[in-house]
């Protein structure tokens, strides 16, 4: 009588399982959507004195579809005791840059490039943006989101290279707020942008602007005690709206 080794008896079954597994992997690979390059940054820091313009596209050649600028026009933020607060705010803004999608650039204007020694903001360049957009410096900081290229933003080229009145812009004023309050506002906004799937909507269309408006409203409702001083304004080709906390 022929003897069959136990391991040999299991081999065909293992080979069949392997074929099924490989087929499943190949099927998933064919159905999975093609992703954008991972290296495309969603946030850029522009330093004082550096001759680096706001980019129109990522290094991989992918064009950006919107730009979000955090503008601090008040020189009071240059005080050394604000550096730790600004660092926390910057980290939240980094998270904001990641949730809006790699096709949407978040721009942080930093006042120095010496690493941990200083973390101040570039109030001069921020002030140039505020002046160009007609935003009162006293009501900064601002979070400006636009679907139109905001220009190179080089101080040496002012007023050229800075945006004029835009027909497609959103402005959030964080007037009179402390850094920890701003951190909370931007954090809540990041959550709402994800919930409203802003990154998956057609940029610049009415649905995109409506989703941004819904994100602002959701952010407002997310606060038990809403911080005072927040004003949100949207000017789009489809509608204009202003909300206040």
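The values are calculated or read from the model by the stated rules, or taken from the named source; none is laboratory data. Only a predicted model underlies this, so the values are computations on that prediction, with no experimental measurement involved. No Cβ is skipped: glycine too gets one built from the backbone with ideal geometry, and neighbour counts run over all protein chains shown.
Here are the numbers for the structure shown:
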| read-out | value |
| --- | --- |
| Selection count, the range 160-205, where residues are closer than 28 Å to residue 138 by Cβ, at pLDDT 85 or above and not in a helix (DSSP H, G or I) | 11 |
| Pick from the range 106-125, criterion more than 17 Å from residue 44 (Cβ to Cβ) and modelled with pLDDT of 85 or more, ranking: surrounded by the fewest Cβ atoms within 10 Å (Cβ to Cβ) | 124 |
| Residue ID - nearest to the chain's Cα centre (by Cα), chosen from residues in the range 52-106 that are within 17 Å of residue 212 (Cβ to Cβ) and in a loop (DSSP other than H, G, I, E, B) | 100 |
| Qualifying residues in the range 227-244 (those that are surrounded by 15 or more Cβ atoms within 10 Å (Cβ to Cβ) and free of Cβ contacts under 8 Å to residues at least 40 places away in the same chain) - the one nearest to residue 172 (Cα to Cα) | 243 |
| Subset of the range 48-77 [in contact with a strand residue (DSSP E or B) (Cβ under 9 Å, 6 or more places away or on another chain), at pLDDT below 85 and under 11 Å from residue 110 (Cα atoms)] | 48 |
| Residue, surrounded by the fewest Cβ atoms within 10 Å (Cβ to Cβ), within the range 69-84, restricted to residues that are touching a helix residue (DSSP H, G or I) at 6+ places or on another chain (Cβ under 7 Å) and within 22 Å of residue 171 (Cα to Cα) | 75 |
| Residues satisfying the stated conditions in the range 179-203, i.e. farther than 14 Å from residue 100 by Cβ and touching a residue at least 40 places away in the same chain (Cβ under 8 Å) | 179, 180, 181, 182, 183, 184, 185 |
| Check on residue 212, in contact (Cβ under 8 Å) with a residue 60 or more places away in the chain, within 28 Å of residue 78 (Cβ to Cβ) and not in a loop (DSSP other than H, G, I, E, B) | no |
| Subset of the range 147-161 that is within 27 Å of residue 199 (Cβ to Cβ) and touching a helix residue (DSSP H, G or I) at 6+ places or on another chain (Cβ under 9 Å) - its residue that is surrounded by the most Cβ atoms within 10 Å (Cβ to Cβ) | 153 |
